[in-house]
1. Modelled with pLDDT of 70 or more and out of contact with any Ser or Thr (no Cβ under 7 Å at 6 or more places or on another chain): does that describe A:T75?
2. If you check B:G88, B:G106, which single one turns out to be open to solvent by less than 80 Å² (accessible area, probe 1.4 Å) and either away from chain A (no Cβ under 14 Å) or aliphatic (A, V, I, L, M) (or both)?
3. Name the single residue that is modelled with the highest pLDDT among those in region B:16-29 being within 8 Å of chain A (Cβ to nearest Cβ) and open to solvent by less than 90 Å² (accessible area, probe 1.4 Å).
4. State all residues of region B:154-165 that are surrounded by 14 or more Cβ atoms within 10 Å (Cβ to Cβ) and not polar (S, T, N, Q); if no residue qualifies, say none.
5. Within region A:55-78, count every residue that is closer than 22 Å to B:T99 by Cβ and more than 13 Å from chain B (Cβ to nearest Cβ).
6. Enumerate the strands (runs of 3 or more DSSP E) found wholly within region B:22-124, keeping only those where 2 or more residues are within 25 Å of B:D157 (Cα to Cα).
7. State whether one or more residues within region B:137-150 are polar (S, T, N, Q) and open to solvent by 20 Å² or more (accessible area, probe 1.4 Å).
8. Those residues that are part of a helix (DSSP H, G or I), free of Cβ contacts under 8 Å to residues at least 24 places away in the same chain and away from chain B (no Cβ under 12 Å), I need them from region A:79-121; list them, please.
Amino acid sequence: MKTAGSKPVGLVTAVAMMLLVAFAPTAGAAPRASLIEIEKEVMCPVCGTLLQLAESPQALREKAFIRRLIAEGKTEAQVKDALVAEYGEEVLALPQGSGFSLSAYVVPIVAFFAAAIALALGVLRWRRAGGDGGRGRPDPAGPKGDDAERLDADLARYDL
Amino acid sequence: MSVRSSIAVLAVVALVGLLVYGLVSKGSSRVAVGEQAPTTSLARLEGGGEGSLAQYRGRWVLVNFWASWCIPCKQEAPTLEAFQQRQGGPRFTVLGIDTRDLTDDGRAFARRYGLSYPQLRDGDGGAAHSYGTTGVPENFLVDPKGIVRWETPGPVDDKYLHEQVEPFLPKEKS
């Protein structure tokens, strides 16, 4: 005998089951490695360029090595680990997060914040100065020296 | 000079300094004749464990940088093996350093050419860098005290070894 709330509960359960079936096979599986993707992210150590751009004998050996590992079912991370074991950390195209290479990450961040602070300070000064640095505003005390004399003379001339 | 100008100049100097340091730390100078040969510790190509030029102190050593993908190295390998057979012993050895190469490829190369002299593996090219090599093959003759006595970029042949290297070695087979 069905209860009053059984229909919505059944619907939710059915949707949940469908979602589970749909995502279950891919949830645990790592994406299949591809030479095209990996060679964009690793170096040819001898050429000093991305492997993708290299066609030297060493690069061809490296590509064959990657193909072999992919054929063995290795993931992208495992392939990269194997390359690091063979050629060292420098085979990775991304700079390392230590030593001098760290500056590749730190310098752009520091430069960005320095530029942002400089811009913010500049805008603040500009706004405090009245929007145009005070250059267009008249001096509240009026003109001085020769300017004051010339103004008085002009006013006297046009005084009606 | 205002404070702002000083800060700007300092920032530019720091940036240029950083770039110069980066370039200098990446570059390397070639080990010259008369200088101490680097003795970087490296993995053995076969058999596991580590080895280094320092282990051969007291012997003349012809340090040969090679790689399995290098065509001149294929031409040079039989020459070096023949030289090792003639001259190798307690006072002299060839020491191969397989650089920027895959381990399996390096091992296959050594087997294919029947290389009997000791082989080390320099996968990341660190040892080659410390010698200041610009490619493979390159050869450095190191005396029993670890001083470089002769070096040449490029492959060597029988004539070259006979004329350039043998005069340094002890007269009787060592």
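1. yes
2. B:G88
3. If we take residues in region B:16-29 being within 8 Å of chain A (Cβ to nearest Cβ) and open to solvent by less than 90 Å² (accessible area, probe 1.4 Å), then B:L18 is modelled with the highest pLDDT.
4. B:P155, B:V156, B:Y160, B:L161, B:V165
5. The total comes to 0.
6. Filter on region B:22-124 gives B:60-66, B:92-99, B:119-122.
7. Initial filter on region B:137-150 (polar (S, T, N, Q)): B:139.
Filter again for open to solvent by 20 Å² or more (accessible area, probe 1.4 Å), leaving none.
There is no residue in region B:137-150 that is polar (S, T, N, Q) and open to solvent by 20 Å² or more (accessible area, probe 1.4 Å).
8. So in region A:79-121, the residues part of a helix (DSSP H, G or I) come out as A:79-87, A:89-91, A:99-121.
This time we only want the ones that are free of Cβ contacts under 8 Å to residues at least 24 places away in the same chain, so: A:81-82, A:84-86, A:89, A:99-121.
A:D81, A:Y105, A:I109, A:F112, A:F113, A:A116, A:L119, A:A120, listed by residue number.
The values are calculated or read from the model by the stated rules, or taken from the named source; none is laboratory data. Everything numeric in this text was worked out from a predicted model, so none of it was measured. Note that we place each Cβ from the backbone using ideal geometry, even for glycine, and neighbour counts take in every protein chain shown. Accessible surface is based on the protein model in full, side chains and every heavy atom, while ligands, DNA and RNA are left aside. Shrake-Rupley method; radii C 1.70, N 1.55, O 1.52, S 1.80 Å.
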